[in-house]
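Data first, discussion second: the structure below is written as structure tokens.
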């Protein structure tokens, strides 16, 4: 991280929870937020939890892609194995 | 950023709108940031470099999406599709790439530290908070911000590569110093 980005990080880290919440709430009027929201593939789900959004994404994926449930289970197993390797390496 | 010697960039983008609005933009030779825009005050472009084909499709999809979801062009004399190609001229000091690795690393580090992303909206709000902090520190606002966004929704008959691309760069302009060229479908 360069100096400018470090300063930004330090400023955000030093905010109280209330101050940060206030800034996050104000950000929703900004064009960058608006365009990300309007273009989101989860556009109807941007206010739900990560778990709910991932469930929706997974359902869409199953409906739209040529992939079976077994393929997904296999990929989960491979990911889990990789996680274990990653944890060992760390 | 702010200390860099002044140099300019010319970015290329497409903008989907109604023929009525496109005619007005061409006549005035200027894009106006509309406060009533669906996605907030600003002018929005799909980025491209050499090949305009995907950026044209996305501009058309945006026009369809704006019509279907927000009735944006209802009331225009001619609400049918027009696509503008524009060169966006911006000083390097006024440009920020919010899809750069550097910014994403800052975003993730901050999100992890503050345990932010309870929802996708919160995560996107954090992007804005960080962008505003950068602007505060450098003492001026960016005029053009590049961001990677999801491609607009599916339409029957659309080429599959539009969706496989998954993410596409866009330019978000406060005030767009552009030269436009009219392209009509």
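None of the figures in this text is laboratory data; all of them are computed from the coordinates on show. Keep in mind that what you see is a predicted model, and the values were worked out from it rather than measured. Cβ sites come from the backbone with ideal geometry, for glycine too, and all protein chains shown count toward neighbours.
Order of B:102, B:12 from fewest to most other C-beta atoms within 10 Å?
Going from sparsest to densest Cβ surroundings: B:102, B:12.
When B:25, B:108, B:52 are ordered from fewest to most other Cβ atoms inside 10 Å of their Cβ, what list results? All intermediate terms of the calculation are to be shown ahead of the outcome.
Numbers: B:25 21, B:108 14, B:52 17.
Placing the least packed residue first, the sequence is B:108, B:52, B:25.
Would you mind ranking B:74, B:119 by Cβ crowding within 10 Å, fewest neighbours first? Before the final figure, lay out the partial values.
Numbers: B:74 9, B:119 18.
Ascending Cβ contact count within 10 Å gives the list B:74, B:119.
Calculate, in nm to one decimal, what residue B:100 and residue B:78 gain on full extension: separation in residues at 0.36 nm each, minus their alpha carbon distance. It would help to have the intermediate numbers written out before the result.
Details: separation 22, 0.36 × 22 = 7.92 nm, distance 3.87 nm.
Here the segment from residue B:100 to residue B:78 would lengthen by 4.0 nm.
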